[in-house]
Amino acid sequence: MWTLADKTIKSRLLIGTALYPSPQIMVDAINASGAEVLTVSLRRQNPEQGGGQEFWNYLKELNLNILPNTAGCHSVKEAVTTAQMARELFNTNWLKLEVIGDDYNLQPDPFALLEASKELIAQGFEVFPYCTDDLVLCEKLVEAGCRILMPWGAPIGTGRGLTDPYALKVLRARMPKDITMIVDAGIGSPSHAVQALEMGYDGVLLNTAVAKAADPIVMARAFKHALEAGRLGYEAGVMPEKDLAAPSTPTLGTPFWHQNK
Amino acid sequence: MKVLVNDKAHQLSSNKLTELINDLVKGDAPFAIAVNAQFIPRSNYDTIELQDGDSVEILSPMQGG
């Protein structure tokens, strides 16, 4: 068990609800993943036709923790208004704060992200900022009151994994231990999740890697095991790397035909 | 009176936000409202009077990552 904001949960996987081949596959994949936190969004839909009703019914059926996002927001004002609407709609103060600065790679705008974080924390939100792996930005977010940081592994939806493991490693080492750190975005395969957890990250947030897998339900299970393996690897303590080979089999008692070489 | 609802023109017989909601929102899925890009808390719906040309956003739950 571990603590995420004010909740004690078991799974270290936070999973998105978009892009699945069908709603039923989404439900089955989420159940197979063991995830207890779902990211969701809010959008214009046709209210006269009960827009959002079907998805809402699935959320009720899943009955998990909801983490609304501010996807698509490009300014502090847009993000704050969307956050306020999300809090009321989903009845939670949790918020995955996204303020996009560049549409090509969906890179967060660090300046607007910081400003929006300050504003939303003042309004009582638990801000989960989707950020880059920039150390100084993360320090400022923590100073602003963020208890959780969500640096990207790679741009959203690319599946490129941890493109700068050095930066992520330094970031984890430099942030206070009580700051929850989740790699968000860019995870493509279970091994990427293992890598993040072995570094000491507390969890990963992903969507496309499961939803766009050839078999989302089996991939969800693979990620479940990957997160468990990565965390156990971190807790066990990975051996230090060495440049020179060292035999693992004892050399004492080597047979004579080896000794005569 | 004419307002925009989710960017589509909508004719209203009264200026009450609550009437717009009663006219338009079906089902029991939750929703949230902004008027002219300003969030309107549910507790304030009764007091909001719309003006001609106002832009009303009604947002619903949607899949997200």
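The values are calculated or read from the model by the stated rules, or taken from the named source; none is laboratory data. Keep in mind that what you see is a predicted model, and the values were worked out from it rather than measured. With ideal geometry, Cβ positions are generated from the backbone for all residues, glycine too; neighbour counts draw on all protein chains shown. All accessible areas refer to the heavy atoms of the entire protein, side chains included, with ligands and DNA or RNA removed. Shrake-Rupley method; radii C 1.70, N 1.55, O 1.52, S 1.80 Å.
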Average beta carbon contacts from partner chains per residue of A:48-58, 10 Å cutoff | 6
Cα-based Rg of the protein assembly as shown normalised by 2.2 N^0.38 Å, two decimals = 1.19
Mind grabbing the accessible area of A:W56 for me, 1.4 Å probe, Å², rounded to tens?
-> 50 Å²
Just the number, please: buried accessible area between A and B, total of both chains, 1.4 angstrom probe, nearest 100 square angstrom.
-> 2600 Å²
Per residue, how much accessible area does chain A show when a 1.4 Å probe rolls over the protein heavy atoms, in square angstrom?
-> 48 Å²
Using the C-alpha gyration tensor of chain B, what are the square roots of 5 times its eigenvalues, in whole angstrom, with the largest one first?
-> 19, 13, 12
Charge dipole (the range A:96-226, unit charges on Cβ, about Cα centre) - positive-most of A:N207, A:T132, A:I217 = A:I217
What FRET efficiency do you get for A:W2 and A:N63 if R0 is 22 Å and r is their Cβ-Cβ distance, rounded to the nearest 0.05?
-> 0.65
Amide H of A:C73: which non-local residues (sequence gap of 5 or more, or other chain) have their own amide H closer than 5 Å, using H built in the peptide plane?
-> A:I100
Delta accessible area of at least 50 Å² on complex formation, residues of the range A:77-117, 1.4 Å probe, chain isolated as reference = A:M85, A:E88, A:L89
Give the residues of the range B:29-54 whose amide nitrogen is closer than 19 Å to a point set 7 Å from the Cα of A:E48 in the direction of its Cβ.
-> B:29, B:31-32, B:53-54
For the B:S43, A:L232 Cβ pair and Förster radius 35 Å, calculated FRET efficiency rounded to 0.05 is 0.15
Compare the Cα positions of A:A71, A:A116, A:A83 along the charge dipole of the range A:67-166 (+1 at Cβ of Lys, Arg; -1 at Cβ of Asp, Glu; about the Cα centre) and return the one farthest towards the positive end.
-> A:A83
Only Lys, Arg, Asp and Glu count, each charged at its Cβ (+1, +1, -1, -1), so figure out the dipole size of the protein assembly as shown about its Cα centre, rounded to 20 debye.
-> 960 debye
Given the pairs A:K7/A:K140; A:K118/A:K224; A:K140/B:K8, which are separated by over 31 angstrom at their Cα positions?
-> A:K118/A:K224; A:K140/B:K8
Determine the shape class of the range A:68-179: with a ≥ b ≥ c the square roots of the Cα gyration tensor eigenvalues, call it rounded for a/c under 1.5, and otherwise prolate if a/b is greater than b/c, oblate otherwise.
-> oblate
Using a/c under 1.5 as the rounded threshold, could you call the range A:83-146 rounded, prolate or oblate? The axes a ≥ b ≥ c are square roots of the C-alpha gyration tensor eigenvalues, and prolate needs a/b larger than b/c, oblate otherwise.
-> oblate
Paired Rg and Dmax values of the range A:142-261, which use every Cα atom, in angstrom | 19.3, 69
